[in-house]
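Worksheet: the structure to be examined is printed underneath.
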Amino acid sequence: MAAVTATGPRELRIAVIGAGMSGILSVIELRKAGHSDVTVFEKADRVGGTWRENTYPGLSCDVPSHLYQYSFALDAEWSRRFSPGPEIFDYFERVARDHDVMRSIRFGEEVTRAEFAGGRWHLETSTGHRDTFDVVIAATGVLHRPRYPVIAGLDDFAGAMFHSARWDHDVTIDGARVGIVGTGSTAVQIVSAIVDRVDHLTLFQRTAQWIMPQPNPAYTDEEKAAYRSDPGRMAELHRSLADAFGLFANAIVDASSPGIKMIEDACLANLEDNVHDPELRERLRPTYRAACKRLIISGDFYGAIQRPNAELVTSAIELAEPSGVRTADGVLHELDVLVLATGFEADAFMRPMRLVGRDGWTLDDEWAQRPNAYLSISIPDFPNFFMLNGPNGPVGNFSLIEVAELQFAYVLQLVEMLRDGTCREISATRAAMDAHEAARTEAAKTTIWVTGCNSWYLDDRGVPAAWPWTFARFREVMSAPVLDAYELVG
Ligand SMILES: Cc1cc2nc3c(=O)[nH]c(=O)nc-3n(C[C@H](O)[C@H](O)[C@H](O)COP(=O)(O)OP(=O)(O)OC[C@H]3O[C@@H](n4cnc5c(N)ncnc54)[C@H](O)[C@@H]3O)c2cc1C
């Protein structure tokens, strides 16, 4: 920690970029901590981020709803164990309204540039608006920028075509011949939801996926009433689910753990017991270990893909033609609708926003190789700038809300040092970031993610861009900043 001169307390002007789950959380927690000058910039016209943009049939959370919610806004009304997307979107909008977050949001304003000069951040937005802030919190999301596949002739396809995160609800899928590219969580949810509505469903699979079977029961009126009348019971459920998912998180960072073995056994039994045609079963059998890619949670995918009108295509896509998609085996799959469930640019983070730190050092300079940040939160030479769900943070089958809450509590402690006058500028030192990165890449070697699959977790070196330690360690590290890791400027 560099020596600093105490400067006395001051009121901070704080900008939050993004009004998704993390941005809403930021405003609520900042206000609780007594910060009144908070402005949120949201490029869209509503809150909700992921849950505003993804409206495809079958969308639901894949961690239980009683965990995938803020710890300070527990909801007794969740309809199912894994509630549908529109319900989750309503939840975020309601929490934002109930906590009076909306008045702080400037909708329709994308932050296009932010520069640190004269000890403050100067922001510019897509509308030409300019403003100056002491602190910036980037809550811009991870799975935000759709990734489109490179398929020859895609523009020639004469039917309707869209990315799953841009679902076109004007297109009729009922009775149509629908093709889906991709086999991630989204594709699996879509297949299960639409197979009984379409005339023919073609799933183009490049990589088979392990599927963890999970029923999705509805909560009864009695259960909801019990949660309503006893919030303590809900809090207990939230806590016990967090513990259970903590165990899962611990299992995936140790490829030889008994926990991973249990996951593998459950996925294998699901495949063996529930896919009846041996030839189809082999085509659905992954060639890598369960949880190496993000584990897919579904109680109905295998049933759906075995419907008479469903077809699993494993021959590689060669090109798109006006009437459909042709695969390497020469077959033309005629389609009315083509859905690209091909995921997101998971390393885009805040970009294309232009970010300029101290002395003209830009984010493009800093991230020329790949995104990195000390503990996913702070970047050297970008003082008073903090990220939620930034690069290399915990990813996996657990609640990113819990992750964001823990990260925010940590960020708030740094912000407090700016407010109470301990320092005027704070950012991680390069030495701390490099040491963290070296330890992280070393620890990643024993995780399940590096056991022989290709996934969006892996960076250009094949190193998982993720937190490779236990969730308990994440909680502990987030509980209080180690100030030696920071450069404090008086
Ligand atoms: C289909 C799908 C299902 C998922 N299911 C789960 C799940 O079950 N459990 C789980 O934990 N996570 C899940 N996730 C991850 C999910 O993204 C996070 O849980 C969470 O919603 C992220 O919230 P966020 O606020 O950090 O980011 P986002 O929801 O992506 O919100 C970011 C916001 O920032 C805005 N923004 C971005 N850049 C700018 C800019 N320059 N200027 C102004 N505004 C900007 C965006 O418009 C957006 O509103 C899922 C993701 C997807 C895509």
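For a quick check of your reading of the model, give me the residue pairs whose first member lies in the range 36-47 and is over 13 Å from A138 (Cα atoms), whose second is among the basic types (K, R) and within 8 Å of the ligand (Cβ to nearest atom), with beta-carbon atoms closer than 8 Å and at least 6 apart or on different chains.
A44/R52; R46/R52
Based on what the data block shows, is L284 in contact with a Leu (Cβ under 8 Å, 6 or more places away or on another chain), among the aliphatic types (A, V, I, L, M) and buried (at least 16 other Cβ atoms within 10 Å of the Cβ)?
Numbers: in contact with a Leu (Cβ under 8 Å, 6 or more places away or on another chain): yes; among the aliphatic types (A, V, I, L, M): yes; buried (at least 16 other Cβ atoms within 10 Å of the Cβ): yes.
Against the criterion (in contact with a Leu (Cβ under 8 Å, 6 or more places away or on another chain), among the aliphatic types (A, V, I, L, M) and buried (at least 16 other Cβ atoms within 10 Å of the Cβ)), L284 qualifies.
Might you let me know whether the range 149-166 holds any residue that is of a type in the set (S, T, N, Q) and open to solvent by 20 Å² or more (accessible area, probe 1.4 Å)? First the steps, then the outcome.
Start the filter on the range 149-166 by keeping residues that are of a type in the set (S, T, N, Q), which leaves 164.
Applying the additional criterion that residues be open to solvent by 20 Å² or more (accessible area, probe 1.4 Å) yields none.
No, that holds for no residue.
For S22, all conditions in the list (1) under 30 Å from V482 (Cβ atoms); (2) surrounded by fewer than 22 Cβ atoms within 10 Å (Cβ to Cβ); (3) among the hydroxyl-bearing types (S, T, Y) hold save one; what is the number of the exception?
Condition not satisfied by S22: (2).
Take the range 266-294 and flag every residue that is touching a Gly at 6+ places or on another chain (Cβ under 9 Å) and among the polar types (S, T, N, Q).
Selection gives N274, T287.
I need the full set of residues from the range 78-100 which are away from the ligand (no atom under 13 Å from the Cβ), part of a loop (DSSP other than H, G, I, E, B) and under 24 Å from the mean Cα position of the chain (by Cα), in order please.
S79, H99
Can W467 be described as under 27 Å from A249 (Cβ atoms), open to solvent by 40 Å² or more (accessible area, probe 1.4 Å), in contact (Cβ under 8 Å) with a residue 12 or more places away in the chain and not in a helix (DSSP H, G or I)? Show your work before the answer.
Numbers: under 27 Å from A249 (Cβ atoms): yes; open to solvent by 40 Å² or more (accessible area, probe 1.4 Å): no; in contact (Cβ under 8 Å) with a residue 12 or more places away in the chain: yes; not in a helix (DSSP H, G or I): yes.
Here the answer is no, as W467 does not meet what is asked.
Please go through the range 136-178 and pick out each residue that is within 16 Å of the ligand (Cβ to nearest atom), modelled with pLDDT of 95 or more and either assigned to a strand (DSSP E or B) or among the aliphatic types (A, V, I, L, M) (or both).
V136, I137, A138, A139, P146, F162, H163, A165
Would you mind stating whether R94 is under 24 Å from A15 (Cβ atoms) and either surrounded by fewer than 19 Cβ atoms within 10 Å (Cβ to Cβ) or among the basic types (K, R) (or both)? Break it down stepwise before answering.
Working: under 24 Å from A15 (Cβ atoms): no; either surrounded by fewer than 19 Cβ atoms within 10 Å (Cβ to Cβ) or among the basic types (K, R) (or both): yes.
In short, no.
Please go through the range 101-113 and give me each residue that is more than 12 Å from the ligand (Cβ to nearest atom) and touching a residue at least 60 places away in the same chain (Cβ under 8 Å), ordered by number. If you could, list the steps in order and put the result at the bottom.
To start, the set of residues in the range 101-113 that are more than 12 Å from the ligand (Cβ to nearest atom) comprises 101-104.
Hits for the range 101-113 are V101, S104.
Sort out which residues of the range 295-308 are out of contact with any helix residue (DSSP H, G or I) (no Cβ under 6 Å at 6 or more places or on another chain) and buried (at least 20 other Cβ atoms within 10 Å of the Cβ), and write them in order of number.
The initial filter retains those residues of the range 295-308 that are out of contact with any helix residue (DSSP H, G or I) (no Cβ under 6 Å at 6 or more places or on another chain), namely 295, 297, 299, 303, 305-308.
Result: L295, I297, I305.
Restricting attention to the range 252-269, which residues are open to solvent by 10 Å² or more (accessible area, probe 1.4 Å) and in contact (Cβ under 8 Å) with a residue 60 or more places away in the chain?
Residues satisfying the conditions are V253, D254, A255, S256.
Among the numbered criteria (1) open to solvent by 10 Å² or more (accessible area, probe 1.4 Å); (2) within 13 Å of the ligand (Cβ to nearest atom), which one does D381 miss?
(2)
Looking for whichever is touching a residue at least 60 places away in the same chain (Cβ under 8 Å), open to solvent by 10 Å² or more (accessible area, probe 1.4 Å) and more than 17 Å from the chain's Cα centre (by Cα) here; the options are A368, A409. Which one fits? Can you show your working first?
Working: A368 fails: touching a residue at least 60 places away in the same chain (Cβ under 8 Å).
Result: A409 is the single residue among A368, A409 that is touching a residue at least 60 places away in the same chain (Cβ under 8 Å), open to solvent by 10 Å² or more (accessible area, probe 1.4 Å) and more than 17 Å from the chain's Cα centre (by Cα).
Quick one: which residue in T55, T50 is surrounded by fewer than 22 Cβ atoms within 10 Å (Cβ to Cβ), under 20 Å from Q189 (Cα atoms), near the ligand (Cβ under 7 Å from one of its atoms) and of a type in the set (S, T, Y)?
Matching residue, one of T55, T50: T50.
Go through the range 188-236 and give me each residue that's of a type in the set (A, V, I, L, M), surrounded by 17 or more Cβ atoms within 10 Å (Cβ to Cβ) and not in a helix (DSSP H, G or I). First the steps, then the outcome.
Here is the first cut: in the range 188-236, the residues of a type in the set (A, V, I, L, M) are 188, 190-191, 193-195, 198, 201, 203, 208, 211-212, 218, 225-226, 234-235.
Filter once more, keeping what is surrounded by 17 or more Cβ atoms within 10 Å (Cβ to Cβ): 188, 190-191, 193-195, 198, 201, 203, 208, 211-212, 234.
Of everything in the range 188-236, those that are of a type in the set (A, V, I, L, M), surrounded by 17 or more Cβ atoms within 10 Å (Cβ to Cβ) and not in a helix (DSSP H, G or I) turn out to be V195, V198, L201, L203, A208, I211, M212.
Condition (residue is of a type outside the set (D, E, K, R), in a strand (DSSP E or B), on the phi < 0 side of the Ramachandran plot and away from the ligand (no atom under 11 Å from the Cβ)) applied to the range 12-25: is it met by at least one residue?
Scanning the range 12-25 turns up at least one residue that is of a type outside the set (D, E, K, R), in a strand (DSSP E or B), on the phi < 0 side of the Ramachandran plot and away from the ligand (no atom under 11 Å from the Cβ).
Out of all the residues in the range 119-130, is one or more of a type in the set (S, T, N, Q), within 11 Å of the ligand (Cβ to nearest atom), closer than 30 Å to E425 by Cα and open to solvent by less than 20 Å² (accessible area, probe 1.4 Å)?
yes
The values are calculated or read from the model by the stated rules, or taken from the named source; none is laboratory data. Keep in mind that this is a model prediction, so the values were computed, not measured. With ideal geometry, Cβ positions are generated from the backbone for all residues, glycine too; neighbour counts draw on all protein chains shown. Note: accessible area is taken over every heavy atom of the protein model, side chains too, but ligands, DNA and RNA are not part of it. Shrake-Rupley method; radii C 1.70, N 1.55, O 1.52, S 1.80 Å.
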